[in-house]
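Worksheet: one structure, shown below.
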Amino acid sequence: MQHITIDAASQHLHELIAAAINGEEIIITKDEQPMVKLTPVISEKKRSPLFGSAKDLITISDDFDEPLEEFQDISVDRVFDAYSITRL
């Protein structure tokens, strides 16, 4: 751990930043009292999703692919006829 005065730190900021990035802890003092600790910002790396990590969090009901009641009165033939008319 390196202690340095605020005046000296302002003159050697570039070197102090390089030292902090390399893992050294820098304490900047004023009137022999610690004021600031210079440490690197550690960014979290974004992890790629882990395959299967959502297992059992999402469920699909057994009747998921069953026709909806709201559409029971619409026949498939009627839908295709309407589609054919709009394509003409």
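No value in this document is a laboratory result; all are computed from the given coordinates. Given the structure is predicted, the values throughout are model-derived calculations rather than measurements. Glycine also receives a Cβ, built like all others from the backbone with ideal geometry; neighbour counts cover every protein chain displayed.
Some notes on this structure:
- Estimated inter-spin distance, Asp65 and His14, nm [label 7 Å along Cα→Cβ]: 6.6
- For a paramagnetic label modelled on Ile6 (point 7 Å from Cα along Cα→Cβ), amide N atoms under 13 Å away belong, within segment 29-73, to 29-37.
- Cross-link partners of Lys55 among lysines (Cα-Cα below 25 Å; sequence separation of 8 or more within a chain): Lys45, Lys46
- Close amide H pairs (under 5 Å, H built 1.01 Å from N) link Ile27 with Gln2, His3, Ile4, Leu38, residues at least 5 positions away or on another chain.
- Summing Cβ point charges (Lys, Arg +1; Asp, Glu -1) relative to the Cα centre of segment 1-45 gives a dipole of roughly 160 debye.
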